[in-house]
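Following: one structure in structure tokens, then a few remarks.
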Amino acid sequence: MKRKYLLQVLLWVFVTGVMVQSGTALAANVYRVNRYGELTYYSGSPSVTIRSDTSAIYQYAFDGVRTTGFSVSSGNPYFKTIGGVLYSKDGTLLLRCPTEKTGIITIPSTVKKIAAGAFKDCSKLSRVFIPDSVKVIGEACFNDCSALRSVRISGRLEKIPDDCFEGCSSMAGIVIPASVREIGDRAFYRCQSLKNVSLPDSVNRFGNRVFTECVDLTTVRVSKNMDTIGNRSFENCTSLKTVSNTGGIEDIGNRAFYNCVNLQTMNFSDKLDRIGWQAFRNCVELGTVLIPRKTEHINKDAFMGAASRFIVDGSNPNYSSTNGMLMSESKEILIQAPAMETGDLKIPNGTKRIMPNALVNGQYSSISLPEGITEIYKRQFKNCDKLKTIYLPASLNSIRGSGYDSSDLGLSSLEKIDVPKSNTAYRSVDGAVYTSDGKVLAFYPYGRKGSLRLPDDCKKIGNQIKENKLSSISVSSKNKYFTSVHGVLYDLRGKKIRCFPMNKKTYKIPKTLKSIDYLYRVKEDMKCKAIQVASSNKTFYSKGGVIFEKGSHTLAFYPTKKKGSYKVPVSTRYINSRAFKEAHYITSLTITKNVKRSGGTTYYFDRCRSLKKIDVKQGELNYISMSFSGCNKLKNISFPSNIMTTDLWGLPEGVTIRGWQNTQAKESAERAKGKFVSLGTIPPVITGGRVRKIIDKYQLCWNASRGVNGYQVYTVYNTIADLKGSGSTSCFIKDIYEYDTIYIRAYRIVKGKKVYGKAKAVSIG
């Protein structure tokens, strides 16, 4: 069926006679035409000739094609070219400029319309002059003209369409003529060099994301006839300081000024009705905000993390302000506190509810909640990184948010949470908040230092104090749920860690501990330089401050703060995939010959920010996978010949990899834009590999190789056989059900060591 259809299409193209030729062979081109003989798509050689019988060309027909120029066959009644640019025959329509066109282009005065995408991806153009004859420009007309510095726009143009100048990253200025009434969506999106914009008063419609990510934009004058600033219009305009002439604005869209971190003033019109969701979020330099009398809708989180003060017009029936805070008209709901004010924040008496993000990003040193507040969310205090004290009211009966919600609150300075004795739901013990019966840790001051002692009845801490600045945690012998050994909190039997004090400098694993999974989760924040293990512990042992598992001889945990170079002991058989992750101070690592790969293990060296060198010795490893995210100082990696396959992730640019020719070591170096140093050439790949079943066994057979000293038969995980002599041609294998693929490779003895060749993979099926 597919073949029949293909033949029909080829016949159709031939019959219509609609062909596109190029400077090279026609066969190099791919094109589509519809049944009317109109060209809808083209991909081919850079020099394009339009044949005499081509009657129409669709917009975007040449999209994504690098073109050097257009020409039109003689006799074509529909098209012509001027300077390699494609026009309609009468010259009124500019269809396509070749993408490789350089310098300056002046559009002829005969042109009345420029097609959509006509200059798209013309990344070498510097200037364009559009005459006043042009009345219409198509969408995405100058999209991604990255070298375009200036455009003279026609004085008769009424609309700058969607995506028109998107990605014109070199354009520093634009003059919009008084004829323009409408600016479409994303018209100047990612114009990163654009500095100042003045919209003529003729503009009465303004789209969404018009100036998004114009990171150099500092000043904007809007039109007095505009009533709406579209959604995300100035999002991430991080240099924007001033927006003027806003007297007609009635609606500010969602995220309109999101992350405009340098926006200093914003004068709201008396006509302003609505401020959208996160419209001014993270506008940290925004000063006093005056809310006009007609404003009816201030959306959730409109000023999250922004403003130093709010003042509401006294005649506004919907909102009010108290001590610079934005409140509901009844003053019972706190909508937004001024995040940029410092010192002590006292929420007014009479407040019964606090909006979820009203306090987020606040710069306060203390926050006092009034009587009448019955419920809070821990995330309401998110990123208040200067906050030292929270005063909770006696009326509070619910603290929402699990321990997992609390792990990223950013309350790094919080030292004390105070609860009055009259509160019947909670009590404060040493600055931490527990339920009134002392059984549950409800809210913990994350910046507290020193030691913490849990109440005798405490049985649940969740994930509350995982991120802490403590040096020790203790409980009395009366506590029936936890035990503490040398300042570390365990379950009652001491088998699992429940909380580790991050400022603890030394640590000794007790004899009862059977799992260190908790240490992997908190490793990056640990201050331990070395870890010891009680001699009576049956699961772990310590060597040089590094933790090993006894039964499997696995290197389990390398301390974050342990400094210098490290050589894996020869007794080590396996390395835990997370053992070296976040080992910030290790400088070099040697993986010794007896280390074997465990399953699909990837060795994570993420954020080993001091690591410079890794040397893998020839041994049991046949395949290696490593991740190096954040290892910016890594300079050298060495692999032996028996490691054919190397999956290396996150390598920094410029790394040097030493390895053998015909292995993946060279490919890894090239991907990292680094250097490959050859250690020699490996033997050639085995030929003739095949498997046959003989009764209850399998026989692997191959052709003998010249100039080798033997063969290795193996799986990804284990060596099956090591056969000496070049004449070997077969090997019997049992327990084949364990494997999908068997590998066979030859080796030579060079300076007393085996140099392995590329493997032949043989599937079992």
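List of remarks:
- Placed amide H near M325: partners under 5 Å, 5+ positions off or other chain: F310
- Scalar couplings 3J(HN,Hα) for region 174-183, obtained by applying the Karplus form with A = 6.51, B = -1.76, C = 1.60 to θ = phi - 60°, are 8, 9, 9, x, 5, 6, 6, 10, 9, 10 Hz; x denotes Gly and Pro.
- Sorted by Cβ density within 10 Å, fewest first, the residues K697, K529: K697, K529
- Under Stokes-Einstein, with the Kirkwood radius over Cα pairs as Rh, the value for the chain at 25 °C and 0.890 mPa s is 75 µm²/s.
- Shape call, region 449-499: gyration tensor on alpha carbons, a/c limit 1.5: rounded
- Computing Rg and the Kirkwood Rh from the Cα coordinates of region 641-753 gives a ratio, Rg/Rh, of 1.05.
- Distance from region 610-676 to region 209-248 (C-alpha centre basis), Å: 48
- Note that region 252-266 has calculated 3J(HN,Hα) couplings of 10, x, 4, 6, 4, 10, 4, 6, 7, 6, 10, 5, 9, 9, 8 Hz, one per residue in order, obtained from phi through the Karplus relation 6.51 cos²θ - 1.76 cosθ + 1.60 (θ = phi - 60°); glycine and proline are x.
- Bridge type composition, region 449-499 - antiparallel percent by DSSP, nearest 5: 55
- Here the translational diffusion coefficient of region 105-233 follows from Stokes-Einstein with Rh set to the Kirkwood radius across Cα pairs; for 10 °C and 1.306 mPa s it amounts to 112 µm²/s.
- Projected label points at S328 and K673, each 7 Å from Cα along the beta carbon direction, are separated by 5.6 nanometres.
- Kirkwood-based shape ratio for region 441-547, expressed as Rg/Rh from alpha carbons: 0.94
- Going from the residue with the fewest nearby Cβ atoms within 10 Å to the one with the most, E235, E213 rank E213, E235.
- For F443, nonlocal amide neighbours, meaning residues 5 or more places apart or on other chains whose placed amide H falls under 5 Å from its own, are V433.
- Protection proxy ranking, highest mean first, for peptides 439-447, 71-79: 439-447, 71-79, where packing is the per-residue count of other beta-carbon atoms within 10 Å, averaged.
- Net length gained if the chain between K724 and S436 were fully extended (0.36 nm per residue, minus Cα distance): 96.1 nm
- Helical mean residue ellipticity (222 nm; -39500 (n - 2.57) per DSSP H run of 4+; nearest 500) of the chain: -1000 deg cm²/dmol
- As an equivalent ellipsoid, region 56-163 spans semi-axes of 19, 17, 13 angstrom, where each value is the square root of five times an eigenvalue of the C-alpha gyration tensor, largest first.
- Legend: ranking of residues Y541, Y189 from fewest to most surrounding C-beta atoms inside 10 Å; resulting order Y541, Y189.
- Projected area averaged over orientations for region 222-340, convex hull of C-alpha atoms, nm²: 6.0
- 3J(HN,Hα) along region 84-101: x, 8, 8, 10, 5, 4, 7, x, 8, 10, 8, 8, 7, 9, x, 5, 8, 4 Hz, from the Karplus curve 6.51 cos²θ - 1.76 cosθ + 1.60 with θ = phi - 60°, whole Hz, x for Gly and Pro.
- Residue separation of D90 and K460 scaled by 0.36 nm, minus their Cα-Cα distance, works out to 125.0 nm of gained length.
- Remark: the chain carries a charge dipole of roughly 4260 debye about the Cα centre, counting +1 on each Lys and Arg Cβ and -1 on each Asp and Glu Cβ.
- For the peptides 395-401, 148-154, the ranking by packing is 148-154, 395-401, with the highest mean count of neighbouring Cβ atoms within 10 Å listed first.
- Calculated FRET value between K416 and N318, using beta carbons and R₀ = 60 Å, to 0.05: 0.95
Bear in mind these aren't lab numbers, they're just calculated from the coordinates by the rules spelled out. Bear in mind that the values here come from a model prediction, so they are computed numbers and not experimental data. Counting neighbours? That spans all protein chains shown, and the Cβs are built from the backbone with ideal geometry, glycine included.
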